[in-house]
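First the structure, in the form of structure tokens, and then the observations on it.
The values are calculated or read from the model by the stated rules, or taken from the named source; none is laboratory data. The structure displayed is predicted, hence computed values, not measured ones. Note: ideal-geometry Cβ built from the backbone for every residue, glycine included; neighbour counts use all protein chains shown.
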Amino acid sequence: MSDRSCGLYRTGQALTAAPDLVPEGTLVFFHNHSEQGVPVVMLPGTNTDNVWSFGSDGHPAQDDAFLNALIPLLPEGFYVASDDFTLPRGRSIREQTLVQLGYNRLGTPIVFLPERQSNSLAFPSRGFRADGLDLDTLLWPVSIPEPEPQEPRVLH
């Protein structure tokens with residue numbers, strides 16, 4: 001059995017037990033454990049703010065060939081460009097640009113560029129395809145703290 005970590009992947013081949021439900025070239029969340037005691041893949045459900053939520057029902061994934069063909073993806077989230085690079089359709093990204101990374105249902109990476117709105121940044125729901133790029137070396141993850149639900153904001 002594969003020793004894959006839990007996380008986002010693109011399928012490199014169809015799931016043998018359910019090729020119509022989980023075809024090759026599909027975004028999935030892989031869990032190397034489940035209540036059934038076997039690894040499972042879950043399909044994307046809804047996308048909110050460029051982040052997928054995955055259903056709780058998974059498809060058992062016990063075929064070593066399928067598991068070995070899973071293509072690991074960077075986590076969805078916020079990143080900074082580590083160097084200048086150009087997206088496939090010619091859009092240039094400058095070093096140290098803040099971006100949001102997401103995916104479509106096919107597991108194609110999508111880079112979302114922020115738009116300034118007064119004293120805030122907003123990420124649009126449409127981004128730029130970033131397929132064919134080595135995003136592991138082009139993007140550095142950044143942490144953006146979120147206030148606790150009960151934490152009052154203090155103005156200075």
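Some points to look at:
- The combined condition, being farther than 26 Å from Arg4 by Cα, at pLDDT below 95 and either among the polar types (S, T, N, Q) or surrounded by 11 or more Cβ atoms within 10 Å (Cβ to Cβ) (or both), is not fulfilled by Arg116.
- Residues satisfying the stated conditions in segment 15-61, i.e. of a type in the set (Ser, Thr, Tyr) and more than 20 Å from the chain's Cα centre (by Cα): Thr16, Ser34
- Against the numbered list (1) polar (S, T, N, Q); (2) touching a strand residue (DSSP E or B) at 6+ places or on another chain (Cβ under 6 Å); (3) assigned by TED's automatic domain parsing to the domain that holds Glu24, Asn68 comes up short only at (2).
Table: residues versus (1) free of Cβ contacts under 8 Å to residues at least 60 places away in the same chain; (2) surrounded by fewer than 16 Cβ atoms within 10 Å (Cβ to Cβ); (3) assigned to a loop (DSSP other than H, G, I, E, B); (4) not charged (D, E, K, R).
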residue	(1), (2), (3), (4)
Ser56	yes, yes, yes, yes
Phe78	no, no, no, yes
Arg89	yes, yes, yes, no
Gly102	yes, no, no, yes
Val111	yes, no, no, yes
Pro147	yes, yes, yes, yes
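To keep it simple, each residue is scored yes or no on (1) over 23 Å from Ser125 (Cβ atoms); (2) surrounded by 14 or more Cβ atoms within 10 Å (Cβ to Cβ); (3) among the small types (Gly, Ala, Ser); (4) in contact (Cβ under 8 Å) with a residue 12 or more places away in the chain.
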{"residue": "Leu8", "(1), (2), (3), (4)": "no, yes, no, yes"}
{"residue": "Leu15", "(1), (2), (3), (4)": "yes, yes, no, yes"}
{"residue": "Phe30", "(1), (2), (3), (4)": "yes, yes, no, yes"}
{"residue": "His33", "(1), (2), (3), (4)": "yes, no, no, yes"}
{"residue": "Pro60", "(1), (2), (3), (4)": "yes, yes, no, yes"}
{"residue": "Ala69", "(1), (2), (3), (4)": "yes, yes, yes, yes"}
{"residue": "Leu73", "(1), (2), (3), (4)": "no, yes, no, yes"}
{"residue": "Ser92", "(1), (2), (3), (4)": "no, no, yes, no"}
